[in-house]
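Below is one structure, written out as structure tokens, with a few remarks after it.
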Amino acid sequence: QVQLVESGGGLVQPGGSLRLSCVASRNIFSMYAMNWYHQAPGKQRELVAAISTGGNTNYADSVKGRFTISRDNAKNTLYLQMNSLKPEDTGVYYCRAIGLGGIYWGQGTQVTVSS
């Protein structure tokens with residue numbers, strides 16, 4: 001079993017920045033790829049950023065150049081640095097771990113981009 005706990009969401013003005021964190025209950029990054037998903041109000045959950053076990057990263061076109069996914073193996077923590085935030089970035093952000101041991105989700109953290 002893997003528990004994931006997100007934090008760092010909040011209310012921010014357009015153009016602002018936030019850093020989301022996702023703490024895993026144990027050291028999993030060598031065995032699990034990690035993702036950040038975004039669920040806008042009334043819409044399906046969408047993948048916005050991914051990092052493989054080897055450290056390769058990928059981003060949705062909508063966030064390229066603005067968001068950065070990273071991880072700290074020593075702290076069992078995944079990050080999503082979000083810059084130049086837009087109102088359409090509003091929603092709940094979830095981290096996900098996927099590997100041979102299964103798929104695990106966090107509970108999500110709310111991000112609201114509004115003036």
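Go over the candidates Gln1, Gln13 one by one and state the one that is closer than 26 Å to Glu88 by Cβ, in contact with a Ser or Thr (Cβ under 8 Å, 6 or more places away or on another chain) and surrounded by fewer than 13 Cβ atoms within 10 Å (Cβ to Cβ).
On the way: Gln1 fails: closer than 26 Å to Glu88 by Cβ.
Matching residue, one of Gln1, Gln13: Gln13.
Take Val23 and decide whether it is of a type in the set (A, V, I, L, M, F, W, C), touching a Gly at 6+ places or on another chain (Cβ under 7 Å), open to solvent by 50 Å² or more (accessible area, probe 1.4 Å) and assigned to a strand (DSSP E or B). If you could, list the steps in order and put the result at the bottom.
On the way: of a type in the set (A, V, I, L, M, F, W, C): yes; touching a Gly at 6+ places or on another chain (Cβ under 7 Å): no; open to solvent by 50 Å² or more (accessible area, probe 1.4 Å): yes; assigned to a strand (DSSP E or B): yes.
In short, no.
Between Asp72, Asp89, Asp61, which is free of Cβ contacts under 8 Å to residues at least 40 places away in the same chain and either more than 24 Å from Gln1 (Cβ to Cβ) or of a type outside the set (D, E, K, R) (or both)?
None of the other options fit; the residue is Asp61.
Hey, can you tell me all the residues within region 58-115 that are more than 17 Å from Ser17 (Cα to Cα) and touching a Pro at 6+ places or on another chain (Cβ under 9 Å)?
Residues satisfying the conditions do not exist here.
Give me the pairs, please: first residue somewhere in region 23-39 and under 12 Å from Gly108 (Cα atoms), second residue anywhere and acidic (Asp, Glu) and open to solvent by 30 Å² or more (accessible area, probe 1.4 Å), beta-carbon distance under 6 Å, and either six or more positions apart or on two chains.
Close Cβ pairs (under 6 Å, with a partner that is acidic (Asp, Glu) and open to solvent by 30 Å² or more (accessible area, probe 1.4 Å)) amount to His38/Glu46.
Would you be able to tell me the number of residues in region 26-53 that are open to solvent by less than 70 Å² (accessible area, probe 1.4 Å), among the aliphatic types (A, V, I, L, M), in a strand (DSSP E or B) and farther than 14 Å from Glu88 by Cα?
Looking only at region 26-53, we keep the residues that are open to solvent by less than 70 Å² (accessible area, probe 1.4 Å), and these are 28-29, 32-40, 48-53.
In the following step, the residues that additionally are among the aliphatic types (A, V, I, L, M) were identified as 28, 33-34, 40, 48-51.
Filter once more, so that each one left must be in a strand (DSSP E or B): 33-34, 48-51.
If we keep only those that are farther than 14 Å from Glu88 by Cα too, we end up with 33-34, 49-51.
Of the residues in that region, 5 qualify.
Among the numbered criteria (1) open to solvent by 70 Å² or more (accessible area, probe 1.4 Å); (2) over 22 Å from Thr90 (Cβ atoms), which one does Gly65 miss?
If we test Gly65 against (1) open to solvent by 70 Å² or more (accessible area, probe 1.4 Å); (2) over 22 Å from Thr90 (Cβ atoms), just (2) comes out false.
The values are calculated or read from the model by the stated rules, or taken from the named source; none is laboratory data. In this text the structure is predicted, and so the values were computed from the model without any measurement. Counting neighbours? That spans all protein chains shown, and the Cβs are built from the backbone with ideal geometry, glycine included. Keep in mind that these areas ignore ligands, DNA and RNA; they rest on the heavy atoms of the full protein, side chains included. Shrake-Rupley method; radii C 1.70, N 1.55, O 1.52, S 1.80 Å.
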